[in-house]
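Notes follow the structure.
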Amino acid sequence: MAGEAARLLVRFGRRYAAGVRLATLVPICGIALFRAPDEHVASTAYLVGVAAAWTCGYAWWLRAGRGSLPVALDVVVLLGLFASVFWTGAVEDRNTGWLRLLITFACVTCQWHTSPLAGGAAALAAGGGAVVLLTTAGAADVDESLIRGTAWAVPAAALSRVAWVLLRHAAERADRMAAEAVRARGEAQVAAAVRAGERELVNSLHDTAATTLLMVGTGQVRSDAGWLAPQARRDLDRLRSDSRRAPQEADLVDLLRADLGATHLTVDFDAPAQLRLPFDVAKAIADAAGEALTNVRRHAGTTRATVRLRGDAQALRLHIADGGKGFSPEDVPATRRGLRESIRGRMERVGGTATITSAAGEGTLVRLEWRAGHE
């Protein structure tokens, strides 16, 4: 199946062939009338009128029509015009140049919108027929160069066909390259989507079950703590929800409130009554905030935190602050996923930013910011 470049080239060939035939028509007709002697001006003008009318009609067909019958008819009409050398004295007057030009341009441009077989047959019929007519009319006795000049229409058509074939091959190659680029881009998008899904699954495991188990394993939480079983159920519910079909929008305030109940912190929450966002944006911000609160519980040495949400669906700012022992963000190992992936990575993937400000003994402030159109 022809690609876009090949289809455009075919359309271009027909239109350019029509343009060349029309563009050369005026000077060709001018040559015919200028070189005609007075006694043959009327007959030459009649032939010029027929040639002009036919060329205009043929050019219209080239731009709008299909099929090969007009090509054959073009050859017949042109040879009919060339046969006028028998009754206009064109050979004796050496006024056959305009007829040769009509034949030559027809043979050359025919190669741009026909098959090789049809184009070759048309060129041989038109060029060869014109040579036969000139020979029969006695052109060899007047000037053999008239016959040689006319015969050049066939080699010119062959060169035109070679150039067109090279253009066609270049267009097909461009189509193959474009198709390969589309295929590679599609594979890259699929791979990126798979990696994004895997990355988010790892982040979800890190923020839920892995963190809960780690806290139990390191002794931060007793295995018989009353909140542990409900927390494990919430972790499993969240992992299951990540595999469900996501809605188009979500209320960020609702998502934040749902996470507050699982932090086991006393949180001063200040936010608008509602803030609806695209689901992936709302979930990324809520998950990043949830990880920040989990870090408060695990590392800050305090049970209190403040969450402030300001903004709207075009731009927002979310602050998570605590008055705990603080830390040095620069000293966090690159292998730790919490800050790198669960907070900063999530915000970057939806076009937002995450800034962590902290120092030993001064608490920690996590600023999450997002603006529509930056995804």
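Values quoted throughout were computed directly from the atomic coordinates according to the rules given, and no laboratory measurement underlies them. Everything quoted here is computed from the prediction, not taken from an experiment. Ideal geometry is used to build each Cβ from the backbone, glycine not excepted, and the neighbour counts take in all protein chains shown.
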* To do: Could you compute the FRET efficiency for Glu4 and Ala118, with r as their C-beta to C-beta distance and R0 at 25 Å, rounded to 0.05?
  => 0.55
* Could you tell me which of rounded, prolate or oblate describes segment 258-322, using a ≥ b ≥ c as the square roots of the eigenvalues of the alpha-carbon gyration tensor, with rounded for a/c under 1.5 and, failing that, prolate when a/b is larger than b/c and oblate otherwise? => prolate
* If you stretched the chain out fully between Ala181 and Thr136, how much longer would it get, using 0.36 nm times the residue separation minus the C-alpha to C-alpha distance? -> 10.3 nm
* What is segment 1-49 by shape, rounded, prolate or oblate, if you read a ≥ b ≥ c off the alpha carbon gyration tensor as root eigenvalues and call it rounded for a/c under 1.5, prolate for a/b larger than b/c, and oblate otherwise? -> prolate
* Structure fact -> Row for segment 69-120, column shape: gyration tensor on C-alpha, a ≥ b ≥ c, rounded if a/c < 1.5 i.e. under 1.5, prolate if a/b over b/c, else oblate; value prolate
* To do: May I ask you to derive the FRET efficiency for Lys325 and Arg349 from their Cβ-Cβ distance with R0 = 30 Å, giving the value to the nearest 0.05?
  => 0.50
* Between segment 131-164 and segment 1-46, the alpha-carbon center distance in angstrom -> 18 Å
